[in-house]
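Trainee: Below you will find the structure I want to go over with you.
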Amino acid sequence: KRKAGADFAGLDHPLARAFQAYLSGQRASAILLFEEAQKVFPELEEPYEILAKLAGLDGRYDDAEAWLSQGIKADRGYIPYWSGRGKAKSDRAVKLYWTGKDPSPTLLSGIEDWQTALKLDPGNAHLWRMVAQSYSNIGISRQNQERPDVETLEKGVLAFQESLRIDPTAVAGWEGMGGCNNNLARALLSLGRDPSGPWLAAIDNFSEAIK
């Protein structure tokens, strides 16, 4: 990181100055300089991505979404814009959940972004896991609202299965699917239905993660 910062030192270029500030930890200066660079070079990806990242680090998830939305307008085929905006929405949903608000609409919107990214890169196991985890989180939220949602949790299990078909070695995939199956079992139990299938599946999933 220090070497990269040194490489940019002395370069009189808006993007170079922005990167130098960013790599040296001068966050406030980096934001101003990347905003300047974005105006001068609206076709470049880096200003949108880094401004969104910095906004997310500050908990300004709306700003992160806004920067990535601008990036999408400039280039709808750039996957990190879609995946990054999905992540920003997911982070905002967590904040909504812990402040007693319904995160489901925000999570569903994030899923739409990740699904758009998957149309461009269908073999991306990480994106499938993000979709799956969001479905699982919706299920948790609705369960806590005493609105068990079996259908959404089943979608989560299917998305985890797809992620593991692509990358069966991913521990996060097995752990996530175990959690989703556990949530599915709880939803079924709340509805007076047999939860044993998903609970047994969850045991298998966690056992795979341990391996």
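The values are calculated or read from the model by the stated rules, or taken from the named source; none is laboratory data. Worth saying up front: this structure is predicted, and the values here are computed from it rather than measured. We place every Cβ from the backbone using ideal geometry, glycine too, and count neighbours over all the protein chains shown. Just so you know, the surface numbers come from the protein's heavy atoms only, side chains and all, with ligands and any DNA or RNA stripped out. Shrake-Rupley method; radii C 1.70, N 1.55, O 1.52, S 1.80 Å.
Trainee: I need the shape label for the range 149-190. Rule: rounded when a/c is under 1.5, else prolate if a/b > b/c, else oblate, with a, b, c from the alpha carbon gyration tensor.
Mentor: On the way: a/c = 4.39, a/b = 2.03, b/c = 2.17.
In terms of gyration-tensor shape, oblate.
Trainee: Quick check on my link table: of Lys53/Lys101; Lys39/Lys87; Lys73/Lys101; Lys53/Lys95; Lys101/Lys211; Lys53/Lys119, which ones sit more than 27 Å apart, alpha carbon to alpha carbon? Spell out each step's value before the answer.
Mentor: Working: Lys53/Lys101 24 Å; Lys39/Lys87 24 Å; Lys73/Lys101 30 Å; Lys53/Lys95 17 Å; Lys101/Lys211 38 Å; Lys53/Lys119 23 Å.
As for pairs spanning more than 27 Å Cα to Cα, those are Lys73/Lys101; Lys101/Lys211.
Trainee: With the Cα gyration tensor of the range 110-211 in hand, give its eigenvalues times 5 under a square root as the equivalent ellipsoid semi-axes, listed largest first in whole angstrom. Walk me through the intermediate numbers first.
Mentor: On the way: eigenvalues 102, 59, 15 Å².
Semi-axis lengths for the range 110-211 are 23, 17, 9 Å.
Trainee: Can you give the local net charge around Thr169? Use residues other than it whose beta-carbon is closer than 14 angstrom to its beta-carbon, Lys and Arg +1, Asp and Glu -1.
Mentor: Values: positive: Arg129, Arg165, Lys211; negative: Asp167, Glu175, Glu208.
Value of the local net charge: 0.
Trainee: Here's a follow-up. If ligands, DNA and RNA are left out, what is the accessible area of Trp174 with a 1.4 Å probe, given in Å² to the nearest 10?
Mentor: Per-residue accessible area (Trp174): approximately 50 Å².
Trainee: What residue among Pro148, Pro198, Pro122 has the largest mean-square fluctuation in a Gaussian network model of the chain, using Cα springs under 10 Å?
Mentor: Pro122
Trainee: I'd like the accessible area for Glu162: 1.4 Å probe, protein heavy atoms, all chains in place, Å² to the nearest 10.
Mentor: Per-residue accessible area (Glu162): approximately 50 Å².
Trainee: May I ask you to give the solvent-accessible area per residue for the chain, in square angstrom, as obtained with a 1.4 angstrom probe? Could the numbers behind the result be given before it?
Mentor: Details: 11140 Å² over 211 residues.
Each residue of the chain exposes 53 Å² on average to a 1.4 Å probe.
Trainee: Right, next: Taking K and R as +1 and D and E as -1, what net charge do the other residues with C-beta under 14 Å from the C-beta of Gly156 add up to?
Mentor: On the way: positive: Arg129, Arg142, Lys155, Arg186; negative: Asp149, Glu151, Glu154, Glu162, Glu175.
For residues surrounding Gly156, the net value is -1.
Trainee: So if each residue of separation counts as 0.36 nm, and I subtract the Cα-Cα distance between Arg76 and Leu120, what length gain in nm does that give? Write out the running numbers ahead of the final one.
Mentor: On the way: separation 44, 0.36 × 44 = 15.84 nm, distance 1.02 nm.
So the chain would gain 14.8 nm between Arg76 and Leu120.
Trainee: Also, quick follow-up: Just need the relative contact order of the chain here, percent rounded to a whole number, with Cα pairs under 8 Å and 6+ apart. Can you show the working numbers first?
Mentor: Values: 292 pairs, mean separation 22.2, N = 211.
RCO, the chain: 11 percent.
Trainee: Just the number: Rg to Rh for the chain, Cα atoms, Kirkwood Rh, two decimals.
Mentor: Values: Rg = 20.2 Å, Rh = 18.7 Å.
With Rh from the inverse mean 1/r over Cα pairs, Rg/Rh is 1.08.
Trainee: Leaving out ligands, DNA and RNA, what percent of the accessible area of the chain is carbon and sulfur, probe 1.4 Å?
Mentor: Numbers: 6040 of 11140 Å².
Answer for the chain: carbon and sulfur cover 54 percent of the accessible area.
Trainee: Extending each Cα 7 Å along its Cβ direction at Glu46 and Lys101, get the distance between those two points in nm, one decimal.
Mentor: 3.4
Trainee: Further question: How much accessible surface does Tyr97 have with a 1.4 Å probe, in Å² rounded to 10?
Mentor: For Tyr97, the solvent-accessible surface is approximately 80 Å².
Trainee: While we're here: Arranged from highest to lowest average of other beta-carbon atoms within 10 Å per residue, in what order do the peptides 130-139, 100-109, 180-189 appear? Walk me through the numbers on the way to the answer.
Mentor: Working: 130-139: 25.5, 100-109: 17.3, 180-189: 23.0.
Packing proxy ranking, top to bottom: 130-139, 180-189, 100-109.
Trainee: Per DSSP helix of 4 or more residues, -39500 (n - 2.57); summed, then divided by the residues of the chain. What does that give at 222 nm, rounded to the nearest 500?
Mentor: Values: 11 runs with 167 residues, N = 211.
That calculation yields -26000 deg cm²/dmol at 222 nm.
Trainee: Would you calculate the separation in nanometres between label points at Val94 and Glu146, each defined as 7 Å from the Cα along the Cα-to-beta-carbon direction?
Mentor: Using points 7 Å along Cα→Cβ, the separation is 2.9 nm.
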